[in-house]
1. Could you grab me the full set of residues in segment B:459-479 that are more than 7 Å from every other protein chain (Cβ to nearest Cβ), assigned to a loop (DSSP other than H, G, I, E, B) and not basic (Lys, Arg)?
2. Given the conditions (1) closer than 20 Å to A:Leu138 by Cβ; (2) more than 7 Å from chain B (Cβ to nearest Cβ); (3) of a type in the set (A, V, I, L, M); (4) assigned to a helix (DSSP H, G or I), and given that A:Ala382 satisfies all but one, which numbered condition is not satisfied?
3. Could you list, ordered by first residue, the pairs with Cβ atoms under 7 Å in which the first is in segment A:39-57 and more than 8 Å from chain B (Cβ to nearest Cβ) and touching a residue at least 60 places away in the same chain (Cβ under 8 Å) and the second is crowded, with 16+ Cβ neighbours inside 10 Å and among the small types (Gly, Ala, Ser), at least 6 apart or interchain?
4. Determine if segment B:321-333 includes at least one residue that is within 18 Å of the chain's Cα centre (by Cα), at pLDDT below 95 and within 9 Å of chain A (Cβ to nearest Cβ).
5. Answer with yes or no whether A:Thr494 is at the interface with chain B (Cβ under 7 Å from one of its Cβ atoms) and in a helix (DSSP H, G or I).
6. Within segment B:350-364, how many residues are open to solvent by 10 Å² or more (accessible area, probe 1.4 Å) and either in contact with a Gly (Cβ under 9 Å, 6 or more places away or on another chain) or in a helix (DSSP H, G or I) (or both)?
7. Of all residues in segment A:414-429, how many are buried (at least 23 other Cβ atoms within 10 Å of the Cβ) and either more than 7 Å from chain B (Cβ to nearest Cβ) or not in a helix (DSSP H, G or I) (or both)?
8. Name the residues in segment A:60-69 that are within 13 Å of another protein chain (Cβ to nearest Cβ) and under 33 Å from the mean Cα position of the chain (by Cα), would you?
There are 2 protein chains.
Amino acid sequence: MSIAQEPVRLRRGGRSSRRELRSAHDTTMLPALKRNLPLVEPLNDEQIAKIDNASMDILEEVGVVFRDPVAIEDWRKAGAKIGEDDRVHLDRQMVRELIRTIPENFTYHARNPANNLPFGKDHAIFVPMTGAPYMRDLEDKRRGPTLKDLGDFHKLAHMLPAMHSTAHHIVEPMDHVVAHRHLRITYSSMKHSDKTFMGMTTSPKNAEDVMDMCAILFGEEFMETHAVTTGNCNGNSPLVWDETMLGAMRAFCKRNQPVLCSPFVLGGANTPASTAAAVAQLNAEALSALAYTQVIRKGCPAIYGHYLSTVSMKSGAPMAGTPEISLMNFMIGQMARHYRVPWRTSNTLGGAKTFDAQAGYESASTMMAVLMSGANYMWHSAGWNEAGMHCSMAKFVVDAEQCAMGYRMVEGVQWDDFDEALAAVRDIGPGGHYLGHPHTQENFQKAFFMPDMFDNNSIEQWIADGSKDITERALLHAKSLLNAYEEPTLEAATNEALLDYITRREREIPAVDALNDEF
Amino acid sequence: MSIAQEPVRLRRGGRSSRRELRSAHDTTMLPALKRNLPLVEPLNDEQIAKIDNASMDILEEVGVVFRDPVAIEDWRKAGAKIGEDDRVHLDRQMVRELIRTIPENFTYHARNPANNLPFGKDHAIFVPMTGAPYMRDLEDKRRGPTLKDLGDFHKLAHMLPAMHSTAHHIVEPMDHVVAHRHLRITYSSMKHSDKTFMGMTTSPKNAEDVMDMCAILFGEEFMETHAVTTGNCNGNSPLVWDETMLGAMRAFCKRNQPVLCSPFVLGGANTPASTAAAVAQLNAEALSALAYTQVIRKGCPAIYGHYLSTVSMKSGAPMAGTPEISLMNFMIGQMARHYRVPWRTSNTLGGAKTFDAQAGYESASTMMAVLMSGANYMWHSAGWNEAGMHCSMAKFVVDAEQCAMGYRMVEGVQWDDFDEALAAVRDIGPGGHYLGHPHTQENFQKAFFMPDMFDNNSIEQWIADGSKDITERALLHAKSLLNAYEEPTLEAATNEALLDYITRREREIPAVDALNDEF
């Protein structure tokens, strides 16, 4: 389409034409994945006990630093031994007792109940990447993102079937002051989609704002008994939790909302250079925070989390798609299931600077391992590149299709039409072909996944189509989706209440912000 | 390095300077992979029996066409029922009895005994792609390959540690007439490397030439009791084996050399549109040929093979990296193990036209599934792109590193330094870092794989290094390897005997060749 034609199409636009455009895309969300494929479990019972024991030794003897006077006081009251430098020494019996009340599964609610998700056990969901300070845009240009860009990512997450959530700050809206961003980010998630979303935990106060906004959207009472968002709390490996994260954790737990207890692991830099020992340390860290959630509020949902990379000893850079990350994911999955706690991992990570073959290898290796590890909550499932420094529009839509393909794999082997398909073998016989057979006609769409983002044509056809590489094809697809986007209705009163809340808080919170000047 | 400098460096070249260059690369071959990670096995015993039963029904009732009078006569003598149109109906007892004598494992010999490989059971080996009519060269230009290009690929396969074999016609040497190519290809494999290689099966006569050349290299008697090459025989799915392949099969089996019985599956086009039923058909096809190898020579080694893609119902194009291919690989692995026959699959397949992100996703998804499926013989493990239409120099070296990474993953979790690593956790304590710790210094190299072909630096560093994408980096690496190549010694008398054989056969075989004019 030429540029001259573009405005004409837009002028003819509006609701009904968007509906037409949208009907060209299947945007129905896939249900939470229910796995039907055996997991890869490298640890035998003895090795699980070995890691558990090592982690408990670390918790008892080395201790974990909670850099936060409130947490120290909470732990003291709960009966933990407080050593020098706020080191909390946790007895293994106490840890086991505390984590026992974490729900093994729960329902993760969306504002549209049709998009509610079973969370934990053998269910799994895909979530876009979060936290990118840069983006590669619809022209593949690397630049600072705006709130409008974040909205576009939320729209894409809303429309892509394998995305189960819009997350929160997929990209950082750099055109808004840091102090106000959490309000705008949360509103963008709530407004652009009726799928599940996540809550900002950038400070205890910010987390409270998110809780208040959730109360406006879902009702305060509803939140008391239903999970409506999740908040991530990163640990400072080795063995430290800080005041910001612990304060945010309390804000969520007090409202009975699930938090992720996520040690931030750079294997070899902040863990020993050993996969088994790194998992033992990470496991101790996760357990200490998981236990603390139950000190805050017994029975509150909590999620075993982690961010996991290995570090290049040549440059100190984090690496992704490496064999040890796969192995650690397999092991962590076993540990989380051992404790009967739902767990989160990171998907499609990578360090490529462009959407080149490196990005493809890293993302696919990571995703295959993550799918086989049995993770319940697959973060960073779309858009991640450059070690998380940018989110790529092109990669976002390709990753989302990869998730749909992984989804199909984990659903396992379909047997329902086995006899009919064998009858086709008799019909066709040696040397025949199946394309015209009624069984093929009826079943090909569900039998074999046909990726839209992969070009499998001959090179002659590909050249005739303009020699488009995957980045170009993906950006066309992203543009087409955004053109077809239709906002899910949000009740006017609720919308107004949210906007009123934001206006009030933006008045109250000082807007002083060094970062804003940089934009 | 500027172009002006290049000849100077080359003039200073020779054996000792090549040795220096070579020492910059670790070219020691990894031993055959011995797996220490659980496999993904989606079939329970009842489902294995269901597929086995369906395959046996197909063999008994539908039958398999052997389009070859010699094979029909062999089958008649063996007691099979021959129906209309050369359909061989094989009784399940007969099939089970015949395949029972296929060795579950054997040693695959190289001319350098240090490179011999255990083959089958829980061992696995990586082999480069084969059969590409085009290549992308050291400048990433797509063109027809020459014998020199094939030699370069053989050199790379010789030097890349995870490549266990040089295979045979990685690319087709289009500057040689088709009728003579098998001689030149075989000589190139034998001459450029002392790793294992494969034998051409393009006709029964060609296969006999390969056997004769192997006899020159290894000795005729040695071959009677040792596997020194392998030959691939593709089936024409559904349920047909042709004269060319069956004649080549006999040439190999008679000399006790292993053949691969490889149905050529385009799922949905020449199989039903159902993974389970497609596997049942493929399994019947493989079993029929495996059984025939034992009719030819009882106890001869044979390999359960297949080429597997699914077909896009939009375009008819073969697809790779799709979820059903992964599932079928898991299932076929279980069937081959059920029959106690070593098996081959295809690795790193894909349909991308360039070495873009599509190629990365497809290759890595396929490799992860193949590694988890327990394949013994991983074909097409380096260089494959464009549905096999071209072999890419850049992708060749990147894939080979991916194989080394997959190798590390399948080796499983290392426990040997677990206690020392935990002692480091106590030494470092909360908030410390491990980079300077003696345990890290001693173990980082074996603990965490550091890929050379992935750039994990910051974008600033990457730009300072010339903003090279993975294709550019990989081609630099390939050039550096080729500059450092040193040919493994081949005894002068053997070399002369091989060249004499080729000269004689090239005199005897008419060189008329339409394809040659095209080059």
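The values are calculated or read from the model by the stated rules, or taken from the named source; none is laboratory data. Keep in mind it's a predicted model, so treat the numbers as computed, not measured. FYI the Cβ positions are ideal-geometry reconstructions off the backbone, even for glycines, and counts take in every protein chain you see. Surface areas here come from the heavy atoms of the whole protein model, side chains and all, with no ligands, DNA or RNA. Shrake-Rupley method; radii C 1.70, N 1.55, O 1.52, S 1.80 Å.
1. Those that are more than 7 Å from every other protein chain (Cβ to nearest Cβ), assigned to a loop (DSSP other than H, G, I, E, B) and not basic (Lys, Arg): B:Asp465, B:Gly466, B:Ser467.
2. With respect to (1) closer than 20 Å to A:Leu138 by Cβ; (2) more than 7 Å from chain B (Cβ to nearest Cβ); (3) of a type in the set (A, V, I, L, M); (4) assigned to a helix (DSSP H, G or I), A:Ala382 is out only on (4).
3. Final answer for the pair search is A:Leu39/A:Gly333; A:Leu39/A:Ser373; A:Leu39/A:Gly374; A:Ile51/A:Ala276; A:Ile51/A:Ala280; A:Ser55/A:Ala280; A:Ser55/A:Ala284.
4. Yes, segment B:321-333 contains a residue that is within 18 Å of the chain's Cα centre (by Cα), at pLDDT below 95 and within 9 Å of chain A (Cβ to nearest Cβ).
5. no
6. Summing the residues that are open to solvent by 10 Å² or more (accessible area, probe 1.4 Å) and either in contact with a Gly (Cβ under 9 Å, 6 or more places away or on another chain) or in a helix (DSSP H, G or I) (or both) in segment B:350-364 gives 1.
7. Total meeting the criteria: 0.
8. Correct list: A:Glu60, A:Val62, A:Gly63, A:Val64, A:Val65, A:Phe66, A:Arg67.
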